[in-house]
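Worksheet for the structure shown next.
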């Protein structure tokens with residue numbers, strides 16, 4: 001296995017009409033989860049990706065398993081739990097500039113994840129363990145499970161990649177900050193955004209954010225800068241990669257997950273850090289051109305085609 005991740009995936013419902021959701025009569029549904037978005041991105045690029053989680057023993061859980069499996073991700077370590085439901089959430093588009101997210105995930109099957117759900121051998125035979133800051137926000141047992149998974153990775157020489165992915169709606173700020181900094185201390189590669197640097201360190205400059213994560217022990221820090229690209233710092237090397245220009249952004253949701261997939265793909269392909277970050281920027285940009293979290297993730301052919309058509313010198317295979 002190249003990359004293993006653990007976390008919750010839910011079913012997302014979006015009204016077909018704009019306005020307050022109380023007036024909506026029809027909804028579309030999609031499968032959404034930060035960790036599975038990244039794993040699907042890796043699978044589409046030809047890498048081996050495995051997911052550890054729980055879903056309910058219900059139709060939504062079966063739908064998620066079928067979808068994620070169909071996208072090429074190994075789901076053999078996902079359990080269907082009786083007595084707890086699969087999480088769902090709603091995206092209420094009140095107006096173009098007012099989008100509200102409503103979670104129905106309290107006591108969901110994934111919130112019951114605990115250290116005993118971790119298969120040590122499964123993580124041990126992987127190259128990277130990918131962790132986000134969402135999973136430890138779900139429950140105390142999820143926090144315990146996250147740290148146990150990281151300890152297993154450390155014990156077996158598996159590199160830990162951490163995307164803070166702050167979700168302030170899910171937990172208290174003080175607990176979130178304390179927990180995420182503890183995770184950062186155990187991580188090898190960290191992928192923060194500027195807002196996450198502000199939340200954790202009260203600074204908003206990419207170089208300062210990178211330095212502070214290095215002081216916690218990170219070997220590699222890649223700061224996502226949105227339309228300005230990304231800044232990377234690793235092994236006495238640092239630099240800035242320009243963003244890939246997109247004429248029309250359709251849906252920015254999932255771009256960060258695509259970024260992580262692109263970076264990990266580059267590292268798995270033994271690209272230089274500069275090239276791996278450029279691939280991350282490219283995949284992240286491609287995600288924004290299609291509505292949905294995973295629908296814009298490219299396979300190798302699509303990535304190569306996009307690279308050939310891009311004027312940017314930074315875009316890398």
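The values are calculated or read from the model by the stated rules, or taken from the named source; none is laboratory data. None of the values given here were measured: they were computed from a predicted structure. Neighbour counts run over all protein chains shown; Cβ positions are idealised from the backbone, glycine included.
Among the residues making up the stretch 86-101, those that are exposed (fewer than 15 other Cβ atoms within 10 Å of the Cβ), assigned to a strand (DSSP E or B) and over 19 Å from the mean Cα position of the chain (by Cα) are 94, 95, 98, 99, 100. Of the residues that make up the stretch 285-292, is at least one part of a loop (DSSP other than H, G, I, E, B), at pLDDT 90 or above and on the phi > 0 side of the Ramachandran plot? No, every residue in the stretch 285-292 fails to be part of a loop (DSSP other than H, G, I, E, B), at pLDDT 90 or above and on the phi > 0 side of the Ramachandran plot. Residues satisfying the criterion are present in the stretch 191-212 (criterion: at pLDDT 90 or above, crowded, with 24+ Cβ neighbours inside 10 Å, in contact with a helix residue (DSSP H, G or I) (Cβ under 7 Å, 6 or more places away or on another chain) and within 26 Å of residue 157 (Cβ to Cβ)). Scanning the stretch 143-156 for any residue that is outside any loop (DSSP other than H, G, I, E, B), surrounded by fewer than 24 Cβ atoms within 10 Å (Cβ to Cβ) and touching a strand residue (DSSP E or B) at 6+ places or on another chain (Cβ under 6 Å) turns up at least one such residue. Annotation note: of 285, 230, 218, 261, the sole residue that is in contact with a helix residue (DSSP H, G or I) (Cβ under 9 Å, 6 or more places away or on another chain) and closer than 16 Å to residue 42 by Cβ is 261.
Just so you know, in the stretch 26-62 the residues that are in a loop (DSSP other than H, G, I, E, B) and farther than 27 Å from residue 141 by Cβ include one that is farthest from the chain's Cα centre (by Cα), and it is 26. Total residues in the stretch 119-138 satisfying the condition of being buried (at least 20 other Cβ atoms within 10 Å of the Cβ) and either over 27 Å from residue 174 (Cα atoms) or more than 18 Å from the chain's Cα centre (by Cα) (or both): the figure is 3.
Scanning for something surrounded by fewer than 24 Cβ atoms within 10 Å (Cβ to Cβ) and outside any helix (DSSP H, G or I), does the stretch 303-310 turn up at least one residue? Break it down into steps so the answer makes sense when it comes.
Step one: of the stretch 303-310, the residues surrounded by fewer than 24 Cβ atoms within 10 Å (Cβ to Cβ) are 303-310.
Checking the rest, the ones that are also outside any helix (DSSP H, G or I) come to 310.
Scanning the stretch 303-310, I find at least one residue that is surrounded by fewer than 24 Cβ atoms within 10 Å (Cβ to Cβ) and outside any helix (DSSP H, G or I), so the answer is yes.
Residues in the stretch 293-302 that are at pLDDT 90 or above and outside any loop (DSSP other than H, G, I, E, B) were compared, and the one that is surrounded by the fewest Cβ atoms within 10 Å (Cβ to Cβ) is 301. For the stretch 67-85, a tally of residues being in a helix (DSSP H, G or I), more than 19 Å from residue 122 (Cβ to Cβ) and either in contact with a helix residue (DSSP H, G or I) (Cβ under 9 Å, 6 or more places away or on another chain) or modelled with pLDDT under 95 (or both) returns 1. Put simply, of 70, 83 the only residue that is over 18 Å from the mean Cα position of the chain (by Cα), within 30 Å of residue 304 (Cβ to Cβ) and surrounded by fewer than 17 Cβ atoms within 10 Å (Cβ to Cβ) is 70. On inspection, residue 216 qualifies as under 23 Å from residue 273 (Cα atoms) and surrounded by fewer than 19 Cβ atoms within 10 Å (Cβ to Cβ). Here's a check for you: in the stretch 242-275, which residue that is under 19 Å from residue 194 (Cα atoms) and at pLDDT below 90 is surrounded by the fewest Cβ atoms within 10 Å (Cβ to Cβ)? The qualifying residue surrounded by the fewest Cβ atoms within 10 Å (Cβ to Cβ) is 252.
Can you spot a residue in the stretch 220-232 that is buried (at least 16 other Cβ atoms within 10 Å of the Cβ), assigned to a helix (DSSP H, G or I) and on the phi < 0 side of the Ramachandran plot?
Scanning the stretch 220-232 turns up no residue that is buried (at least 16 other Cβ atoms within 10 Å of the Cβ), assigned to a helix (DSSP H, G or I) and on the phi < 0 side of the Ramachandran plot.
Restricting the first member to the stretch 162-181 and to residues that are at negative phi and in a helix (DSSP H, G or I), and the second to residues that are modelled with pLDDT of 95 or more and surrounded by fewer than 18 Cβ atoms within 10 Å (Cβ to Cβ), no beta-carbon pair is closer than 6 Å while six or more apart or on different chains.
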